[in-house]
Amino acid sequence: AQTVTQSQPEMSVQEAETVTLSCTYDTSESDYYLFWYKQPPSRQMILVIRQEAYKQQNATENRFSVNFQKAAKSFSLKISDSQLGDAAMYFCAYRSARDGNKLVFGAGTILRVKS
Amino acid sequence: DAMVIQNPRYQVTQFGKPVTLSCSQTLNHNVMYWYQQKSSQAPKLLFHYYDKDFNNEADTPDNFQSRRPNTSFCFLDIRSPGLGDAAMYLCATSRGGAGVGELFFGEGSRLTVL
């Protein structure tokens, strides 16, 4: 079974600075998808960024980018120019391309942004 | 613009008193999920529907049931809530089939059991 590990329960970043959230996963599959979801306090979970495993190029969405290392099974999220609105719980998640109806979540990382 | 709508947002029930949470979607997605999320933890999948095909997780207690009368609606029934069932319940949808298949989440229903 696939597992997703987020080793940082909590992170802090100064406003306008850059922070990187770590995620590793374990799978024997070669085709899969990876996601970072953001869950602000008392608000709905939304997709931040996604990566298809077959793509070598790292995904980027505005201030958010990933460092996808397939061989190392690592999928970190970099947030540049951090804003107060980035404060949230961030979940890394894995979805198999073969058995694609389930999302496996990591335990989450709480990101605090200091002004 | 709400695409996955959960009702109620907050539900208080008494120990053992049945409760139903609802979820509706305007995305016409094939797959609907129910997750349980306890404080500061990852969401835990309870079950999901692919169209009318119900898929239960092996460790989901029998106390939790679900219904999907049509594409747009899905219900979570908790037959006899215990104190341990107090949690946020998240509904999500996805298109299903091949492809990236990101999940779209509702705002959640927070259940309190007295």
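The values are calculated or read from the model by the stated rules, or taken from the named source; none is laboratory data. All values reported here derive from a predicted model rather than from experimental measurement. Cβ coordinates were reconstructed from backbone atoms using ideal geometry, including for glycine residues, and neighbour counts include every protein chain displayed.
Points worth noting:
- Residue that is nearest to B:M88 (Cα to Cα), among those in region B:5-46 that are under 14 Å from the mean Cα position of the chain (by Cα) and outside any strand (DSSP E or B): B:K38
- Filter result for the condition that a residue is farther than 25 Å from A:V113 by Cα and surrounded by fewer than 13 Cβ atoms within 10 Å (Cβ to Cβ), over A:Y33, A:Y54, A:Y25: A:Y54
- The listed residue being part of a loop (DSSP other than H, G, I, E, B), over 26 Å from A:P40 (Cβ atoms) and more than 14 Å from chain A (Cβ to nearest Cβ), out of B:T60, B:T71: B:T71
- Strands (runs of 3 or more DSSP E) (entirely within region A:1-95) containing at least 1 residues that are modelled with pLDDT under 95 and more than 16 Å from A:A107 (Cα to Cα): A:32-39, A:46-52
- Matching residues, region A:79-115, being away from every other protein chain (no Cβ under 14 Å), of a type in the set (D, E, K, R) and in contact with a Leu (Cβ under 8 Å, 6 or more places away or on another chain): A:D86
- Test result for B:G84, more than 30 Å from A:K55 (Cα to Cα) and either out of contact with any Lys or Arg (no Cβ under 7 Å at 6 or more places or on another chain) or more than 14 Å from chain A (Cβ to nearest Cβ) (or both): yes
- So A:Y33, is it within 13 Å of chain B (Cβ to nearest Cβ) and touching a Lys or Arg at 6+ places or on another chain (Cβ under 6 Å): yes
- For region B:62-75, the criterion of a residue being touching a Leu at 6+ places or on another chain (Cβ under 7 Å), free of Cβ contacts under 8 Å to residues at least 24 places away in the same chain and either farther than 16 Å from B:M32 by Cα or acidic (D, E) (or both) is satisfied by no position.
- Boolean, B:M3 is surrounded by fewer than 20 Cβ atoms within 10 Å (Cβ to Cβ) and among the aliphatic types (A, V, I, L, M): yes
- The condition of being in contact with a Ser or Thr (Cβ under 9 Å, 6 or more places away or on another chain), basic (K, R), buried (at least 16 other Cβ atoms within 10 Å of the Cβ) and more than 24 Å from A:D99 (Cα to Cα) holds for only one of B:R9, B:R110, that being B:R110.
- The residue that is surrounded by the most Cβ atoms within 10 Å (Cβ to Cβ), among those in region B:15-63 that are among the β-branched types (V, I, T) and more than 22 Å from B:G99 (Cβ to Cβ), is B:V19.
- Among the residues of region A:2-24, those identified as over 17 Å from A:S65 (Cβ atoms) and in contact (Cβ under 8 Å) with a residue 60 or more places away in the chain are A:Q2, A:T3, A:V4, A:T5, A:Q6, A:Q8, A:P9, A:E10, A:S12, A:Q14, A:E15.
- Top-ranked residue of region A:96-115 - restricted to ones that are of a type in the set (S, T, N, Q) and part of a loop (DSSP other than H, G, I, E, B), ranked as nearest to the chain's Cα centre (by Cα): A:N101
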